[in-house]
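Asks: Questions regarding the structure given below will be posed in turn.
The values are calculated or read from the model by the stated rules, or taken from the named source; none is laboratory data. All of these numbers come straight from a predicted model, not from anything done at the bench. So basically every Cβ, Gly included, is an ideal-geometry build from the backbone, and we count neighbours across all protein chains shown. Just so you know, the surface numbers come from the protein's heavy atoms only, side chains and all, with ligands and any DNA or RNA stripped out. Shrake-Rupley method; radii C 1.70, N 1.55, O 1.52, S 1.80 Å.
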Amino acid sequence: MTYDLIVIGSGPGGYVAAIRASQLGLKTAIVERENLGGICLNWGCIPTKALLKSAQVFEYLNHAADYGIKVNGGEADFGAIVKRSRDVADGMSKGISFLMKKNKIDIITGTGKIKPGKKVEVTADGKSTTYEAKHVLLAVGARSRALPNLPQDGKKIIGYREAMTLPELPKSMVVVGSGAIGSEFAYFYATMGSKVTLVEFMPSIVPVEDAEVSKQLERSFKKAGINVMTESSVESVDTKGNNCKVKIKTKKGEETVECDIVLSAVGIQANLENIGLEEVGIATDKGKILTNPFYQTNIPGYYAIGDCVGGQALAHVASAEGIICVEKIAGHSPEALDYKNIPGCTYCQPEIASVGYTEAKAKEAGYELKIGKFPFSASGKASAAGAKEGFVKLVFDAKYGELLGAHMIGANVTEMIAEIVAVRKLEITGHELIKTVHPHPTMSEAVMEAAAAAYGEVIHI
């Protein structure tokens, strides 16, 4: 079989690229060894949000009295929560299958390996078939990164996949790494009733976020009963007994924490092994495939997108890269992706959403700043919703009024950040944002109010 485009990997990079390619008239096939939708739909973004929604509902039940409602005996059925999460993921994967058929994309089931001459060998059930294409796109994704002192056994020391399908709720858990994955699971399991210790090597949790956001989340987590240990590292884990004995090095010395499960959430590594990179001669650096701004590798006809290339390892980044890549292949003139205007979200409670420079990074870059901050404690909608934790913080260039960055922590802020991405894309100034009328009462008013605070015009604080 010969195609215009063969995509290897059907995650949010691969399947989106395949659909866009088909829309542009390219005869397209997609190779997938597991489930359509990749990690995001099956083991990442989607099923974790289903788990987190269950945790949020459970939290509402436990605090129903705060809203004037009496509830007797809300009880979490952990098995049913996990099953709901898997059902949501399965439904989404079936949806991708429908989209493939609708767009006349051939699904080739098996493990793909690239060959010289723009060929792809697909192996399934011990049999190999070779396909040819004018263009081959690698969207092979990544997996949980394993550390030498945290060897994952899938039972006591686990990665994110196992964390989504544990047979029963652990009484206690140590989560290593407080990025988005670690923080979301720490919140989920603590809310379900596990005793959670969150270990972070850096001085603050969610270390890529603005310092004030990190401090607020740490306060919120401690209030929720999570034991937060910063500037700490797991030295070793003894799994010989019934429990795990986790040796943790802290500023004050070493201490041992006992728990049922250790979750390693220390990042990801790209799936570059055994896919034919060396045979074809495709260049890599620091565990990533090297590409130009339109995702062409050093070998003509071969492209790569998503978690296996540089840039933020986020589903929406992979999708955007895939669209840009195939539009370029089809002879269009797409704009290169602006990696400085990519939103990042963490879906614990309170949620975190951010884009652009943190205050510290903006100062490092030499900008003179105007900072505006509006607390949700002063928001009518937040008060009515019983969600007064957190704030919106905006970082402006004092000279030109450019919005350099936005940092939010609070209820539903992941739904609010897209406004800022659009504002930055359109280069709207602080004064223009102040004059953009926001609906009342909404959480989004905090954006307008934070802009006003930066320029000394804030009304409600």
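Asks: If I model a spin label as a point 7 Å beyond the Cα along the Cα-Cβ vector, how far apart are those points for A64 and T256 in nm?
Replies: 4.4 nm
Asks: Note down the nm distance, to one decimal, between modelled labels 7 Å out along Cα→Cβ at R33 and at I461.
Replies: Between R33 and I461, the label points sit 5.0 nm apart.
Asks: Tell me, what is the 1.4 Å probe accessible area of C259, in Å² to the nearest 10?
Replies: The accessible area comes out at roughly 0 Å².
Asks: Calculate, for V71 and T129, the FRET efficiency according to 1/(1 + (r/R0)^6) with r their C-beta to C-beta distance and R0 35 Å; round to the nearest 0.05.
Replies: Efficiency for this residue pair is about 0.05.
Asks: May I ask you to derive the FRET efficiency for Q312 and S383 from their Cβ-Cβ distance with R0 = 30 Å, giving the value to the nearest 0.05?
Replies: For R0 = 30 Å, the calculated efficiency reads 0.30.
Asks: Something else: In the structure displayed, which of K223/K286; K240/K286; K222/K373; K53/K363; K53/K195; K288/K399 lie more than 31 Å apart, Cα to Cα?
Replies: K223/K286; K240/K286; K53/K363; K288/K399
Asks: Which net charge results for the neighbourhood of Y347, defined as the other residues with beta-carbon distances under 12 angstrom from its beta-carbon, given Lys and Arg at +1 and Asp and Glu at -1?
Replies: Taking every Cβ under 12 Å from that of Y347, the sum is -1.
Asks: Still on this structure: So who's got an amide H within less than 5 Å of the one on E231, skipping anything under 5 residues away but keeping other chains? H placed 1.01 Å off N, in plane.
Replies: E200, M202, S204
Asks: Straight-line reach from K102: which aspartates and glutamates have Cα under 19 Å away, leaving out those fewer than 8 places along the same chain?
Replies: D4, E32, D90
Asks: A further question follows. Suppose R0 equals 45 Å; then what is the FRET efficiency for L426 and N227 from their Cβ-Cβ distance, rounded to the nearest 0.05?
Replies: Working from the Cβ atoms, E equals 0.55.
Asks: GluC sites (Glu not before Pro), restricted to the stretch 99-187: which are DSSP loop and have at most 16 other Cβ atoms within 10 Å?
Replies: Those satisfying the criteria are E168.
Asks: Under 1.5 on a/c is rounded, so check that first for the chain, then, if it is not, pick prolate when a/b is larger than b/c and oblate when it is not; a ≥ b ≥ c are the square roots of the alpha carbon gyration tensor eigenvalues.
Replies: Because a/c hits 1.5 or more and a/b fails to exceed b/c, the chain counts as oblate.
Asks: OK, next. Per residue of the stretch 375-383, in order, report the coupling 6.51 cos²θ - 1.76 cosθ + 1.60 (Karplus, θ = phi - 60°) as ³J(HN,Hα) in whole Hz, putting x for Gly and Pro.
Replies: x, 5, 5, 9, 9, x, 5, 4, 5
Asks: Still on this structure, I have one more. Given a 1.4 Å probe, how much area per residue of the stretch 63-216 is accessible, in Å²?
Replies: I get 51 Å² per residue for the stretch 63-216.
Asks: Restricting attention to the stretch 154-259, which trypsin sites (Lys or Arg not before Pro) occupy a DSSP loop and are surrounded by at most 14 other Cβ atoms within 10 Å?
Replies: K155, K171, K240, K251, K252
Asks: Could I ask something else about it? With n ≥ 4 as the cut-off for DSSP H runs, can you work out [θ] at 222 nm for the chain, using -39500 (n - 2.57) per run divided by the number of residues, rounded to the nearest 500?
Replies: -9500 deg cm²/dmol
Asks: Mind listing the phi-derived Karplus ³J(HN,Hα) values for the stretch 45-58, rounded to whole Hz, using 6.51, -1.76 and 1.60 with θ = phi - 60°, and x for any glycine or proline?
Replies: The phi angles translate into 3, 6, x, 5, 5, 5, 4, 5, 5, 4, 4, 5, 4, 4 Hz.
Asks: Quick one: order M408, M202 from most to least accessible surface, probe 1.4 Å.
Replies: Most to least solvent-accessible, the answer reads M202, M408.
Asks: So how strong a dipole does the stretch 22-172 carry about its Cα centre when Lys and Arg Cβ are +1 and Asp and Glu Cβ are -1, to the nearest 20 debye?
Replies: 680 debye
Asks: Which whole-Hz ³J(HN,Hα) couplings does the stretch 327-337 yield from phi under the Karplus relation 6.51 cos²θ - 1.76 cosθ + 1.60, θ = phi - 60°, glycine and proline marked x?
Replies: Whole-Hz 3J(HN,Hα) from phi for the stretch 327-337: 5, 5, 4, 7, x, 7, 10, x, 7, 5, 6.
Asks: If the label point is 7 Å along Cα→Cβ of E368, which residues in the stretch 376-406 have backbone nitrogen under 13 Å from it?
Replies: Once the point is set 7 Å along Cα→Cβ of E368, 397-401 turn out to lie under 13 Å by backbone N, inside the stretch 376-406.
Asks: Keeping all protein chains in position, work out how much accessible area D210 exposes to a 1.4 Å probe, and write it in Å² to the nearest 10.
Replies: 0 Å²
Asks: Give me the percent of the accessible area of the stretch 1-83 that comes from carbon and sulfur atoms, probe 1.4 Å, all protein chains in place.
Replies: Roughly 53 percent, rounded to a whole number.
Asks: Lys and Arg at +1, Asp and Glu at -1: add these up for the other residues within a Cβ distance under 14 Å of M100 and post the number.
Replies: Here the charged neighbours net out to +4.
Asks: Report the label-to-label distance for Y400 and E419 in nanometres (one decimal), using points 7 Å from each Cα along the Cα→Cβ vector.
Replies: 2.4 nm
Asks: If packing is taken as the average count of other Cβ atoms within 10 Å, what order do 317-327, 52-62, 2-12 fall into, highest mean first?
Replies: Peptide ranking by packing, descending: 2-12, 317-327, 52-62.
Asks: Moving on. Across 10 Å bins from the origin, how do the percents of Cα pairs in the stretch 370-426 run, short distances first?
Replies: For the stretch 370-426, the pair-distance distribution reads 23, 48, 25, 4.
Asks: Now for a different question. In the stretch 24-59, which residues have a backbone nitrogen under 16 Å from the label point lying 7 Å from T109's Cα in the Cα-to-Cβ direction?
Replies: 30-38
Asks: Something else about it: Check which residues have an amide H placed less than 5 Å from E351's amide H, if you skip close sequence neighbours.
Replies: Placed amide hydrogens put G410, A411, N412, V413 under 5 Å from E351.
Asks: Give a quick list of GluC sites (Glu not before Pro) in the stretch 334-387 that DSSP marks as loop, anything other than H, G, I, E or B, with at most 16 other Cβ atoms within 10 Å.
Replies: Taking the stretch 334-387 and a limit of 16 other Cβ atoms within 10 Å, the loop GluC sites (Glu not before Pro) found are E335, E368.
Asks: With all protein chains present, how much of the accessible area of the stretch 311-439 (probe radius 1.4 Å) comes from carbon and sulfur, to the nearest whole percent?
Replies: Looking at the stretch 311-439 in its full context, I get 53 percent from C and S.
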